[in-house]
1. For the stretch 353-385, give me each residue that is assigned to a strand (DSSP E or B) and polar (S, T, N, Q).
2. Quick one: is Tyr269 of a type in the set (Phe, Trp, Tyr), open to solvent by 10 Å² or more (accessible area, probe 1.4 Å) and at pLDDT 95 or above?
3. Going by the structure shown, is Val276 in contact with a Pro (Cβ under 8 Å, 6 or more places away or on another chain), touching a residue at least 12 places away in the same chain (Cβ under 8 Å) and open to solvent by 20 Å² or more (accessible area, probe 1.4 Å)?
4. For Leu378, which of the numbered conditions (1) open to solvent by 20 Å² or more (accessible area, probe 1.4 Å); (2) at pLDDT 95 or above fails to hold?
5. If I filter the stretch 19-32 for residues that are part of a loop (DSSP other than H, G, I, E, B), farther than 30 Å from Val163 by Cβ, touching a strand residue (DSSP E or B) at 6+ places or on another chain (Cβ under 7 Å) and at pLDDT 90 or above, do I get at least one hit?
6. Would you confirm whether or not the stretch 167-188 contains a residue that is buried (at least 17 other Cβ atoms within 10 Å of the Cβ) and not in a helix (DSSP H, G or I)?
7. Output the residue which, of all residues in the stretch 385-413 that are touching a strand residue (DSSP E or B) at 6+ places or on another chain (Cβ under 8 Å) and of a type in the set (Lys, Arg), is least open to solvent (accessible area, probe 1.4 Å).
8. List the number of the failed condition for Ser93; all other conditions in (1) assigned to a loop (DSSP other than H, G, I, E, B); (2) of a type outside the set (Lys, Arg); (3) at pLDDT 55 or above; (4) open to solvent by 20 Å² or more (accessible area, probe 1.4 Å) hold.
Amino acid sequence: SIRTITYRLKTMTKTTTTTLKETAARCCKKVYIGTAVLPKPLFIYDHDDDIESKSGDDPPPIIKCATINPVEATDPHHSTPAKPTRYARTLFSEFNSLVIEHHLKWTPLVHSLPWPFHPEHAAAPPPARFGKYDFHHVDALVDYALLQNPQMHIKGHVLVWHVTSPPFLEDLPASQVRSHLKRHIFTTMGHFRGRIRMWDVVNESLASDGTLVENVFYTKLGPGYIEECFRWAHEADPGAFLIYNDNKVEGCGNEEEEAPNQAKSDGFYALLKSLVEKGVPVHGAGMQAHFNAGGVGKRQRCPTPAMVKRQIRRIGDLGLMVNISEMDVRVSKLPAGPGNDCDDSDVEMNVRTVAQTQIYRDILSAALSEPAFHGIWLWGFTDRHTWVNNFYYDDSPLIFDEKYNKKSSYYGVKIALETLCPGGRVGELTGGENASCLLEKNVDDEGMKWGYQWIQPEP
């Protein structure tokens, strides 16, 4: 209930001093707690409190959301600031892993963001050629991260995604597409070999009905391109952990109730099963978890914890590890007022806060209860830099607010991690009023469905 969540969060905010990274280190198994990272706020101040201008000097400019303009010709050369930015301080204190959000995709590397090849020609149109890579932004990010924490785990995202592949692939014959695709995988993985040991190899190849999207790779190379990409990636770096990643595949229903996007979830499982049976070197599955708490209909609703647990379990039975790879929770489509069982004393726990906290807490608790589950990556950590505001609408989907204050959802993530710590019980949320997470069913003993406080009715 809302009162249960309020009780637990008030207790934690008063007593907890450990970070997410420190909590994960206490878990009974290896757990990655990671976030997507952008180089711009890592090196350039984005908050007034970070700036200590000398007397008489004009303060440096404050950058805005870095996902809208990930890099501009006027940006200063990436260098370590005298005082780490607030973004950097939060990143290195809270997370044991990071994933490159944007700059490691194929188009940014060779087409849309190459810089500084010819800085004096910054206004020139993007180059239309292959083979000349600019790893400047990613090198700066990766090297700085490893300098700050040599044990920082880094995940590469993404080698093959039709949405961020150079547009001029469409004009090439199949033989050249195959050649360029293979070279891209070898070039990128080879450049970061020893620094990046985990890769999202192929991303979002599935349509909503679970069949393969007829993208440029499918139309040019046929459905076997996915298998080829994994074999090339394994050849490029035999020690790398290779992942297939997709969206809206997080839940698996049962005979009583289908999960949202059940057909795509089934297609995800079937694709992975086929790859495993063919002996393709795929080691893990990434489920993105871009959730909309206010969504309605079978394509937009959030799956329940029990549905997520079932999906992870059946993929784990294939011998694969599973991670939640890009989690954020949109809430702006929910009412702004109190929830269904909230009284005046719970005013700070409005329905948006409750929904976001419960989704992070319960989905991750259910996921962590499965032996095959090994990591959580958020798609950013501060509402100041979220792709949601650029791609969808203004929202606050992450666990730190725009001023880097911890939100209730931060403590929801921490509570989930604590279920695997000494004194915790796997899948059970200890706390006031015997708080628990529904792991095997969607309705509690009192007949209340998971999320009843905030789930919206069908229109």
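The values are calculated or read from the model by the stated rules, or taken from the named source; none is laboratory data. All of these numbers come straight from a predicted model, not from anything done at the bench. Reconstructed Cβ throughout: ideal geometry from the backbone, glycine too, with neighbour counts over all protein chains shown. Keep in mind that these areas ignore ligands, DNA and RNA; they rest on the heavy atoms of the full protein, side chains included. Shrake-Rupley method; radii C 1.70, N 1.55, O 1.52, S 1.80 Å.
1. Passing the criteria: only Thr382.
2. yes
3. So Val276 does not fit the description; no.
4. Of (1) open to solvent by 20 Å² or more (accessible area, probe 1.4 Å); (2) at pLDDT 95 or above, only one is false for Leu378: (1).
5. Here is the first cut: in the stretch 19-32, the residues part of a loop (DSSP other than H, G, I, E, B) are 19, 26-31.
Among the residues that remain, those that are also farther than 30 Å from Val163 by Cβ are: 19, 26-30.
Subsequent filtering for residues that are touching a strand residue (DSSP E or B) at 6+ places or on another chain (Cβ under 7 Å) retains 30.
Right, trim to at pLDDT 90 or above and you get 30.
The answer is yes, given that some residue of the stretch 19-32 is part of a loop (DSSP other than H, G, I, E, B), farther than 30 Å from Val163 by Cβ, touching a strand residue (DSSP E or B) at 6+ places or on another chain (Cβ under 7 Å) and at pLDDT 90 or above.
6. no
7. It comes out as Lys407.
8. (1)
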